[in-house]
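*Asks:* Sharing a structure here in structure tokens format.
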Amino acid sequence: ISDIPDKYNNIDFRIHVKKVSEGPLASKLSGYFYINNIIFNFKAVAFGRIGGQNINIKISETKYNHIKKMGMDPEVIIGLVQKKIIEGDMIFDEKNLKAREAME
């Protein structure tokens with residue numbers, strides 16, 4: 001994502017992954033992230049492996065509109081969350097982390 005306005009650079013995203021279902025070509029994730037202490041749930045499909053080449057995140061229309069009401073562009077927010085997940089900048093719930101380690 002290029003030319004991100006400064007107001008987006010200062011957001012402290014805390015991205016939590018609650019559930020991961022890994023497949024041979026793609027993984028399904030569910031989790032949540034915070035903006036200003038407001039929780040935004042998401043579902044995602046990660047192509048390749050988690051932290052892989054591409055991820056597609058979906059949030060509810062209600063939360064999408066809530067981001068708009070906060071004065072932000074939801075597409076920029078979703079893009080930033082996707083980028084952080086691709087880079088591996090996320091927190092796995094402890095239960096899921098143990099399950100993930102057992103699979104490796």
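*Asks:* State which entries of Lys19/Lys68; Lys28/Lys69; Lys18/Lys43; Lys43/Lys63; Lys18/Lys58; Lys19/Lys63 exceed 18 angstrom in Cα-Cα distance in the structure shown.
*Replies:* Lys19/Lys68; Lys28/Lys69; Lys19/Lys63
*Asks:* For the range 20-27, take each phi angle, set θ = phi - 60°, evaluate the Karplus expression 6.51 cos²θ - 1.76 cosθ + 1.60, and give the result in whole Hz per residue in order, putting x for glycine and proline.
*Replies:* 9, 10, 8, x, x, 10, 8, 10
*Asks:* Provide the packing ranking of 15-28, 60-73, i.e. peptides ordered by the mean count of other C-beta atoms within 10 Å per residue, highest first.
*Replies:* Packing order, densest peptide first, comes out as 15-28, 60-73.
*Asks:* At R0 = 22 Å, how high is the FRET efficiency between Lys84 and Ser60 if r is their beta carbon distance? Nearest 0.05 is fine.
*Replies:* It comes to 0.65.
Every number here is computed from the coordinates shown, using simple stated rules; none is lab data. Note that this is a predicted model, so its numbers are computed, not measured. Neighbour counts run over all protein chains shown; Cβ positions are idealised from the backbone, glycine included.
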